[in-house]
Amino acid sequence: MASASDESLSFNVAEATRLTEHAPPLANENAHGSGNAAAPARSAHGNLRRWHLAGLALPVALLALIEVLVRTNVVPDHLLPAPSTIVLTLWQMGATRLARHIAASTLRVLAGFGIGAVLALILGAAMGLSRRFEALLEPCFQALRSIPSLAWVPVLLLWMGIDEAPKITLIAIGAFFPVHLSVVAGIRGVDRKLVELGAIYRLTPAALFRRILLPAALPQIFTGLRTGLSLAWMFMVAAELIAATRGLGYMLSDGRETGRPDLVFGAIILLAILGKLSDGGMRWLENSVLGWRDAFDAYADQARVGEKR
Amino acid sequence: MSASDHPPLLEVHVEAKHYAARTVLDHLSLRIGHGEIVSLVGPSGCGKSTLLRIVAGLDRQYHGEVHVNGTPLNGPSPQIGVIFQEPRLLPWLTVADNVGFEAGSGGGRDPRVAQLLAEVGLAGQEYTLPKALSGGMAQRVAIARGLFSQPDLLLLDEPFSAVDAMTRMRLQALLLSVARAHGTAALLVTHDLDEALYLSDRVLLMAAAPGRIDREYRVARPRPRDRRDPVLADLRAQLLERLDAFEAV
């Protein structure tokens, strides 16, 4: 068993090196004692950090530029209001009104995305598992997929009126297809060797799905979920532009009708923030669920170092 | 090794196995006793791996019969553990959950898992994810997983061909020690003659087109064996001579 400890020792050294490479503060503290081996890697990392900071500074600089251009009347403010005006408008709307719009839109997105994604998971799993089921349904889905989702708007209005139902349905349709595609492709793409392992352990079809196919397909499913979520926001705006009395889409059309670009841009900025937040949340979920992936991914690497420290 | 009044651990009679029009295996018989270690060697394409898949219960499209402890084999059996060429660990499960996979989702908590990990020299690695393991360590986990169901027979398909020479020798010694400790028999497919001679009680040389067992070599040397043993070298020469004869045909 001495051989075993040798092997795990060398492994620990490699692991330690990797940790110091990715954790600059730690490496700095140890710099006196340890060699210079990690130094080039550290400076490369620091270099990249500077680019990340520049990436964050760029939108701020752009906003400042717009502010200056508008204030100096180079750009007329009925086309593009100054960022400070937009912020002021949002401020004047008050927290409760703003929260009502945001809540209305967010709830629609959550409901529509939830319904669409769950249906897509169920149908996608069924079609991924059964060739017969796929043969039966795939032509229908191909046809449905090729209909631009916005073409459903008049149909939904005819069938369901102008209440919440058509909006949530439209969002669900938008979210459904990318998730569905990713589930089918994810299950079909599972390594045959892992399925064989399931056979060796005599797994029932249900256990094979739960213990091998689903976890193996999860990375691809998450990609589909993220696409689906961003489409859900898109269709929420479409739905609210058409008929709504609340929500960010309503804010957009209200701003246009009353000739208030500050309202329009305020809604756009809120949409950007909400979309970014929801995608960030999804990505956080993805990284915490899929921490086992051994992939080249900067975010996962950082998260991994954080875990180990 | 095998007790005379019991049926042999494994009894294989394959009359024929076809892939499309090609006959892959033809009139092949094989017996393995309890605790016996047997290697299958032969030129590539002789059906070694196909035979192993049949014994594993993964391939049922053949004419013939396989009996384990006297009962006919219908599909994969808990009495047979399988170790593949690559570790084939599930990357989303910890080392412990991989080893205890057979016991269900929380299989890593089974007390046997820690014991098996200690046996393969990986004590304390229960919560490590496969991505952090070296090739040799991953294959150790696969060996522990293969032993988890306490099988009577381990099937190994070129299990050490993907690791470096030093690791391979350690893993071979490990396989011998765990096989002895558990009284497990092993059927090993390999292309490495030294490995076959070092590990096995018997080496079966297979011939190709159609696949059949050509000769049997008994390796009647006590363990632990010396890899430089002249008896092993002599058997190796005989095997090579026979393999060369195949090439000449």
Seminar exercise, completed: Among (1) crowded, with 18+ Cβ neighbours inside 10 Å; (2) without any contact (Cβ under 8 Å) to a residue 12 or more places away in the chain; (3) more than 14 Å from every other protein chain (Cβ to nearest Cβ), B:Pro72 falls short only on (1)
Exercise. Within region B:75-88, which residues are within 21 Å of B:Phe160 (Cβ to Cβ) and either more than 8 Å from chain A (Cβ to nearest Cβ) or small (Gly, Ala, Ser) (or both)?
Worked result: B:Ile80, B:Gly81, B:Ile83, B:Gln85, B:Pro87
For this session: State which residue is farthest from A:Thr106 (Cα to Cα) when the search covers only region A:145-166 and only residues that are in contact (Cβ under 8 Å) with a residue 24 or more places away in the chain and in a helix (DSSP H, G or I).
Result: A:Arg145
Exercise. Across region B:209-235, which residue is farthest from B:Lys48 (Cα to Cα) among those that are within 20 Å of the chain's Cα centre (by Cα), surrounded by 16 or more Cβ atoms within 10 Å (Cβ to Cβ) and in contact (Cβ under 8 Å) with a residue 40 or more places away in the chain?
Worked result: B:Asp214
For this session: Name the single residue, out of those in region A:116-154 being loosely packed, with under 13 Cβ neighbours inside 10 Å and of a type in the set (Val, Ile, Thr), that is nearest to the chain's Cα centre (by Cα).
Result: A:Ile122
For this session: Scan (1) touching a residue at least 40 places away in the same chain (Cβ under 8 Å); (2) touching a helix residue (DSSP H, G or I) at 6+ places or on another chain (Cβ under 9 Å) for the single condition B:Leu58 breaks and write down its number.
Result: (1)
For this session: Could you tell me which numbered condition B:Leu52 fails, if it satisfies all but one of (1) assigned to a helix (DSSP H, G or I); (2) crowded, with 22+ Cβ neighbours inside 10 Å; (3) not hydroxyl-bearing (Ser, Thr, Tyr)?
Result: (2)
For this session: For A:Ile242, state whether it is within 18 Å of A:Arg97 (Cβ to Cβ) and β-branched (Val, Ile, Thr).
Result: no
For this session: Take B:Ala173 and decide whether it is out of contact with any strand residue (DSSP E or B) (no Cβ under 7 Å at 6 or more places or on another chain), within 14 Å of another protein chain (Cβ to nearest Cβ) and over 25 Å from B:Leu25 (Cα atoms).
Result: yes
Problem set entry | B:Pro91 vs. criteria touching a residue at least 24 places away in the same chain (Cβ under 8 Å), within 11 Å of another protein chain (Cβ to nearest Cβ), closer than 18 Å to B:Pro8 by Cα and not small (Gly, Ala, Ser) | no
Problem set entry | Answer residue from region A:167-199, given it is of a type outside the set (A, V, I, L, M, F, W, C) and either touching a Gly at 6+ places or on another chain (Cβ under 9 Å) or within 15 Å of A:Val109 (Cβ to Cβ) (or both) and is nearest to the other protein chains (Cβ to nearest Cβ) among those | A:Gly186
Exercise. In region B:59-68, is there at least one residue being over 20 Å from the mean Cα position of the chain (by Cα), surrounded by 18 or more Cβ atoms within 10 Å (Cβ to Cβ) and more than 9 Å from chain A (Cβ to nearest Cβ)?
Worked result: yes
For this session: Working only within region B:120-129, note down all residues that are out of contact with any helix residue (DSSP H, G or I) (no Cβ under 6 Å at 6 or more places or on another chain) and either within 11 Å of chain A (Cβ to nearest Cβ) or surrounded by 20 or more Cβ atoms within 10 Å (Cβ to Cβ) (or both).
Result: B:Gly124, B:Leu129
Exercise. Restricting attention to region A:234-245, which residues are in contact (Cβ under 8 Å) with a residue 12 or more places away in the chain and either in contact with an Asp or Glu (Cβ under 9 Å, 6 or more places away or on another chain) or not in a helix (DSSP H, G or I) (or both)?
Worked result: A:Ala243, A:Ala244
Seminar exercise, completed: In the set B:Pro43, B:Pro7, the lone residue that is in contact (Cβ under 8 Å) with a residue 24 or more places away in the chain, touching an Asp or Glu at 6+ places or on another chain (Cβ under 9 Å) and outside any strand (DSSP E or B) is B:Pro43
Exercise. Does region B:144-164 contain any residue that is farther than 21 Å from B:Val55 by Cβ, away from chain A (no Cβ under 13 Å) and modelled with pLDDT of 90 or more?
Worked result: no
For this session: Return the only residue of A:Leu213, A:Leu225, A:Leu231 being crowded, with 17+ Cβ neighbours inside 10 Å, assigned to a helix (DSSP H, G or I), within 14 Å of chain B (Cβ to nearest Cβ) and out of contact with any Lys or Arg (no Cβ under 7 Å at 6 or more places or on another chain).
Result: A:Leu213
Exercise. When you look at A:Ser149, is it closer than 26 Å to A:Ala243 by Cα and modelled with pLDDT under 90, yes or no?
Worked result: yes
Problem set entry | Meets criteria (buried (at least 21 other Cβ atoms within 10 Å of the Cβ), within 22 Å of B:Leu199 (Cα to Cα), hydrophobic (A, V, I, L, M, F, W, C) and at pLDDT 90 or above) for B:Val99 | no
For this session: Considering only region B:41-58, state which residues are away from every other protein chain (no Cβ under 13 Å) and at negative phi.
Result: B:Val41, B:Pro43, B:Ser44, B:Cys46, B:Lys48, B:Thr50, B:Leu51, B:Ile54
For this session: Collect the residues in region A:200-210 that are within 11 Å of chain B (Cβ to nearest Cβ) and assigned to a helix (DSSP H, G or I), keeping them in residue-number order.
Result: A:Ile200, A:Ala207, A:Arg210
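The values are calculated or read from the model by the stated rules, or taken from the named source; none is laboratory data. Everything numeric in this text was worked out from a predicted model, so none of it was measured. Note that we place each Cβ from the backbone using ideal geometry, even for glycine, and neighbour counts take in every protein chain shown.
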